[in-house]
Amino acid sequence: MQTLYITHPSCRLHEMGPSHPECPERLDAINDQLLASGVLGFMDERQAVAASRADLLRMHTPQYLDYLRAHSPLGAGAYFALDPDTLMNSHTLDAARLAAGAGLMAVDAIMRGEASTAFCSVRPPGHHARPGLAMGFCIFNNLAVAVAYALDHYALTRVAIIDFDVHHGNGTEEMFAGDDRVLMCSFFQHPFYPYCGVGQAAENMLNIPVAAYTSGASLRQVMSDVWMPRLRAFEPEFIFVSAGFDAHREDDMGQLGMVESDYAWMTQQIVGLADKTAQGRIISFLEGGYNLSALGRSVVAHIKALAKL
C-alpha cells in the first residue's frame, strides 16, 4: 500500500519576504530530492483540499479566524505581521487552510483503508500556532486540527503525537494538555525558542528538553529509553508526527546533531509501533527544516522509512 504524499501548489505562494528562512523553496527542495531519489514514484500524490471554518474551530477560536481574515493583505507585495517572525501576504490564508486540510484528507484516506501512512508536504507549518495566536512561522496548527478531527469523526480513544522538531511544539501542547485520549512525546533544544516546555504541563505530555550540541545517538537513546516505553504502554490507535528537520547538524536554525540516518531510525521505531498497535496508521506533517539540502535529504530518509522502501 502506497504512502500518501499530500501537498498543493498554493502552499508555495505564501511567503514572508526576502531572506525569510521559512520560504517556498523548502517545498521545492523536498520535491526535487524525492524525484532524484526515485521515491516519489512509489507514492500516491494528492492535492490538499482546504480545511473549513468548522474544521479549524475545533482548535482555534472564532475571534482568531476573524482577525486573520480582517488583516489579510490584498495587494501583491503587501504583508501583515502577526508576530515579529510570522507574516501574511495575500496568499497566506489560502495556503494555511490547505496546509490544515491536508491532514484531514490524510485522516479520511487512511481510515478508509486507501493508505496506511501519509506525509503532508505543506506550509506554513503548524506546531507553534496556539488557539488564538500565530507564532513561530505558524498560522494554523495543522497536526492539532487533524488530531481533533480524527478523535471526533472516528471515535478514537488513544492518539499519539510525536514531535522531533528542534523547537518545542508549544501550540500542540497547549491544545492537548490534560486530554487523556492523547499522549504527546517530544524532545527539543533548551533553552531555545519558544522558551517553554520544561516540566510536564500534564500527565499526557512527555517533554524531553536537551542541550545544544546533543548528538543524534543521544537523541536515539531518548526515544528508546523514555518515549518508547510510554508509547508501548499507551497503545496508540493512530500516530501523528510533527516532523521538524531543523535538528539536523547542518541546519543553522538550531544546534542539535541529527543526520539523515537518525531520522530514518526514529521513523522506523514509529512505524514498528504503529504496526503493532495502530494498524500501521501514521500521518507526518512538515514542520521545521531550513537548510534546503539537509531538509530534502532528511525528508527522503523519513519517507523511505515511513513507506518501508
Next item on the list: Go through segment 116-155 and count every residue that is more than 11 Å from the chain's Cα centre (by Cα), of a type in the set (D, E, K, R) and either in a loop (DSSP other than H, G, I, E, B) or within 30 Å of PHE42 (Cα to Cα) (or both).
Entry: 0
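Within segment 184-222, work out how many residues are part of a strand (DSSP E or B) and farther than 22 Å from SER284 by Cα. Before the answer, list the steps.
First, the residues of segment 184-222 that are part of a strand (DSSP E or B): 184-189, 205-210, 215.
Among the residues that remain, those that are also farther than 22 Å from SER284 by Cα are: 210, 215.
Matching residues across segment 184-222 total 2.
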Item checked: In segment 156-172, residue surrounded by the most Cβ atoms within 10 Å (Cβ to Cβ) [restricted to those that are over 12 Å from the mean Cα position of the chain (by Cα) and of a type in the set (S, T, N, Q)] -> ASN170
Next item on the list: For segment 1-112, please list each of the strands (runs of 3 or more DSSP E) lying entirely inside it that holds at least 2 residues being aliphatic (A, V, I, L, M) and at pLDDT 95 or above.
Entry: 3-7, 80-83, 86-88
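From GLY280, GLY244, which residue is small (Gly, Ala, Ser), more than 22 Å from VAL222 (Cα to Cα) and modelled with pLDDT of 95 or more? Steps first, answer last, please.
On the way: GLY244 fails: more than 22 Å from VAL222 (Cα to Cα).
So the residue among GLY280, GLY244 that is small (Gly, Ala, Ser), more than 22 Å from VAL222 (Cα to Cα) and modelled with pLDDT of 95 or more is GLY280.
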Notebook entry, point to check: What about ARG130, is it closer than 29 Å to SER19 by Cβ and among the basic types (Lys, Arg)?
Noted result: yes
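Just checking, how many residues over segment 156-167 are under 19 Å from GLY280 (Cβ atoms) and either of a type outside the set (Lys, Arg) or in a helix (DSSP H, G or I) (or both)? It would help to see each step written out before you state the result.
Taking segment 156-167 first, the residues under 19 Å from GLY280 (Cβ atoms) are 156-162.
In the following step, the residues that additionally are either of a type outside the set (Lys, Arg) or in a helix (DSSP H, G or I) (or both) were identified as 156-157, 159-162.
Of the residues in that region, 6 qualify.
The values are calculated or read from the model by the stated rules, or taken from the named source; none is laboratory data. The shown structure was predicted, so the numbers you read here are calculated from the model rather than taken from an experiment. Virtual Cβ from ideal backbone geometry, glycine too; neighbours counted across all protein chains shown.
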